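Every number in this text was worked out from the coordinates using simple rules, so none of it is lab data. None of the values given here were measured: they were computed from a predicted structure. Note that each Cβ is placed from the backbone with ideal geometry, even for glycine, and that neighbours are counted across all protein chains shown.
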Amino acid sequence: MSRITIAIPSKGRLKEQTEDWLASIGHTVRQIGGERGYTAEIEGLDAEVRLLSASEIAHGLIEGSLHLGVTGEDLLHDQSPEGLGDFEVLKRLGFGGADVVVAVPQAWFDVDTMADLEAAGAAFRKAHHRRLRVATKYLRITRRYFAQKSVGEYRLVESAGATEAAPATGTADVIVDITTTGATLRANGLKVLDDGVILQSQASLTRSVRAPWSEEANAIVELLMRQPRAGTKRPI
Amino acid sequence: MKHDALVAVARAVFEASGGTPIDPDYVLPADIPLELSGEAVRARLCLFADHRGAEMVMRPDLTLPVAQREAARREAGEGGAKTYTYAARAFRLPVAPDDQLEFTQVGLERFGYDAGPEADAELFALIHRAVEACGVQPSGVIMGDLAIFPAFIDALGLPAVTGDLLKRAFRQEGGVRAVLDAAARPLEADIAAVLEADDPAAALSGLLSARNIPLAGGRSLPEIIEGLQARKAAIEAGGLSQVARAALLALREIDCPLTDAASALTALVKTHGLEGAGPAIAALGARADAVLARVPAAMKTARFRTGFGRRFTYYDGFVFEILAPGLALTQPVAAGGRYDGLISGLSNRRASATGVGGVVRPDRMVRVRRDVS
């Protein structure tokens, strides 16, 4: 029986917060090969530990090459072809929180809801012989939400970064993006639609549905599901 | 018969009917299906980026590239009626586990002929004959008519804004229900005042600068004002009347043998006083009679459902699917219908022609035959 594979974020705030959480339940992370290494050991867990980008972790969990991982729910939802059912969120960790939202220019006084956006999209197509552009890196989440809201009059434009600038620069008219405070959206002259919050995402301990599971693997899940010990701090 | 033998048999049926063989482009700009049908189809498309980064698509069916050729031919000034036939590969991401990504469609497309019950019935009979020639006895036929719902909307005499909204909503799963349930929301006072100004565009522009809001995105001030006027009209109309609501909910429920469809719809017309829908219903009835005359066998199982075919995105009238034993409802062995607006849509309104067509799926018929024997 091969060991179970756990992935944690390889950089930034998400990495630090994941390590803090693991330490709080008694499992200190030790990176192999120093700060630049891409494997690690987690104290008290007999598992292979990989340091990957949050996006690679989501992909590995859905595809089944990882058993467990910590990553953002936004990425899990967007990368899964089937939606829910491709992965199982075991525990929401309370950090890395952000909303995935639909935002339109504030100047669009006539558009406050997804239904208004549908009407604006239809009128736009009639006038311009093309569809309204929606810029996003969340192609699947956007498509599912727009379908759920019965909005068909739009085209997706894949955005690699600075999505919030797309309406101002003219590459798109509407965006679907993550936001924490909404300040960046407001600074770019955008507003979130009344029913435009698609997903309230946070970092989550997630289990792969496709990876092969054994009793040993399940035992590791149990260890990770324990509550933090009182008064624990990040080890020096 | 094996797959390739079925292809040959179906192909012979269509070629004997006078179709010109055609093998159109495999690769199309992704704009063609996405602008025409919307993002809902993206989940099924085999997309890739070309060397310049432009989004391209492997043809998801043969109707699109054949119609594209036909649109170009007509834009170049050529006219006349044309029938094309093909036996060619199409590419779609599978929905069912046993569907293939790459499969053969054998089909027929006719452009520029008189549209009417006889033309629809003739096309249906030909596709049905090709299925039978492949040794498959259909277990069912579903026929829809995408002109019926719009005809009822027109007959209701609703404000244009609401009527257009409902017609679009009909094509979306759950859309009509959402429109019926939606309540009109009042406009903010400052914004409502813009519409009362002598020059609404100037007033809107003034309000935007007063609030320090930039004009981003591709919609102009007049377009935003038009949107505000539509919302105001919807508020003033006070939502749909009880009559309209009841009629649309009843229309949505219709799911009956095709032979009863015209009378069921006529009963609705009488109950709700919607005589305007009469001609569309008469056309449906005439088509049912014409199909019955040509393919009596099909009529034993043929059903009509108001919402059927709403997701056949560029179709706009008659639509059908032929089902076979042992296959799921989502895996018809043949399908087709009428798309009189397609050439106009593909040519940006520089050309127009009636269109009707259908295909058979040998990859699925092979499985039917295994199940039977």
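Before moving on, here are some points about what is shown:
- Cα-only radius of gyration and Dmax that characterise the stretch A:137-197, units Å: 11.5, 29
- Here residue B:236 and residue A:148 are evaluated by their C-beta separation; at R0 = 41 Å the FRET efficiency comes out at 0.90.
- Dipole in debye (nearest 20) - the stretch A:98-200, about Cα centre, beta carbon charges: Lys, Arg +1; Asp, Glu -1: 460 debye
- Computed with the Debye formula from one identical point scatterer per Cα of the stretch B:26-73, without solvent, the log10 of I(q)/I(0) at q = 0.20, 0.23, 0.26 Å⁻¹ comes to -0.64, -0.83, -1.00.
- Amide proton proximity set for residue A:199, modelled H, under 5 Å, gap of 5+: A:100
- Toward the positive end of the charge dipole of the protein assembly as shown, with +1 on the Cβ of Lys and Arg and -1 on the Cβ of Asp and Glu, the farthest Cα among B:163, B:24, B:54 is that of B:24.
- Computed per residue of chain B from DSSP H runs no shorter than four, each worth -39500 (n - 2.57), the mean residue ellipticity at 222 nm is -14500 deg cm²/dmol.
- For residue B:352 and residue B:35, the difference between the fully extended length at 0.36 nm per residue and the C-alpha to C-alpha distance is 112.3 nm.
- Whole-number D in µm²/s for chain A (Stokes-Einstein; Kirkwood sum over Cα pairs; 37 °C, 0.692 mPa s): 170 µm²/s
- Placing unit charges on the Cβ atoms only, positive for Lys and Arg and negative for Asp and Glu, gives the stretch B:272-356 a dipole magnitude near 160 debye about its Cα centre.
- Across the stretch B:252-260, computed HN-Hα scalar couplings (Karplus, 6.51 cos²θ - 1.76 cosθ + 1.60, θ = phi - 60°) run 4, 7, 5, 8, 8, x, 4, 5, 9 Hz from first to last residue, x flagging Gly and Pro.
- Per-residue Karplus couplings for the stretch A:184-198, computed as 6.51 cos²θ - 1.76 cosθ + 1.60 with θ equal to phi - 60°, are listed in order as 5, 4, 4, 4, 9, x, 10, 9, 7, 5, 3, 10, x, 8, 7 Hz, Gly and Pro entered as x.
- Between residue A:195 and residue B:118, the modelled labels are 4.8 nm apart [label points 7 Å from Cα along Cα→Cβ].
- For chain A, with +1 on Lys and Arg beta carbons and -1 on Asp and Glu, the positive-most of A:171, A:156, A:44 along the dipole: A:171
- Stretched out straight at 0.36 nm per residue, the stretch from residue B:286 to residue B:12 would grow longer than its current Cα-Cα span by 95.7 nm.
- In whole angstrom, the stretch A:98-200 maps to an equivalent ellipsoid with semi-axes of 19, 15, 14, each derived as √(5λ) from the alpha carbon gyration tensor and ordered largest first.
- Estimated FRET transfer efficiency when R0 is 41 angstrom, pair residue A:3-residue B:330 (beta carbons, to 0.05): 0.50
- Label zone at residue B:188 (point 7 Å along Cα-to-Cβ), backbone N below 11 Å, the stretch B:212-240: B:212-213
- The phi torsions of the stretch A:153-160, fed into the Karplus equation with coefficients 6.51, -1.76 and 1.60 and a -60° offset, translate into couplings of 8, 7, 10, 8, 10, 6, 10, 8 Hz, rounded to whole numbers, with Gly and Pro shown as x.
- Convex hull of Cα atoms in the stretch A:47-163, direction-averaged projection (nm²): 9.1 nm²
- The ranking of A:215, A:73, B:70 by Cβ neighbour count inside 10 Å, starting from the fewest, reads A:215, A:73, B:70.
- Calculated P(r) tail over 12 Å for the stretch B:189-237, as whole % of Cα pairs: 63 percent
- Here the gap between residue A:113 and residue A:41, fully extended at 0.36 nm per residue and compared with their Cα-Cα distance, gives a gain of 21.1 nm.
- Charged-residue dipole, Cβ positions (Lys, Arg, Asp, Glu), the stretch A:1-100 about Cα centre, Debye nearest 20: 320 debye
- Sorted from longest to shortest, the spans of the Cα atoms of chain B along the three principal axes equal 74, 59, 43 Å.
- A dipole drawn for the stretch A:96-143 from +1 and -1 charges on Cβ atoms has a positive end, and of A:98, A:135, A:119 the residue lying farthest that way is A:135.
- Cα extents of the protein assembly as shown along the three principal axes, largest first (Å): 86, 74, 49
- Debye log10 I(q)/I(0) at q = 0.17, 0.19 Å⁻¹ for the stretch A:1-110, Cα point scatterers: -0.83, -1.00
- The modelled label-to-label distance between residue B:177 and residue A:91, using points 7 Å beyond Cα along the C-beta direction, is 3.8 nm.
- Set of the stretch B:225-254 residues, backbone N closer than 11 Å to the point 7 Å along the Cα-Cβ line of residue B:195: B:225-238
- Of B:27, A:151, the sequence from fewest to most neighbouring Cβ atoms within 10 angstrom is B:27, A:151.
- Estimated distance in nm for a label pair at residue A:55 and residue B:27, the labels positioned 7 Å out from Cα along Cα-to-Cβ: 2.4 nm
- Computed FRET value (nearest 0.05) for residue B:99 with residue A:65, which takes r as the C-beta separation and R₀ as 22 Å: 0.30
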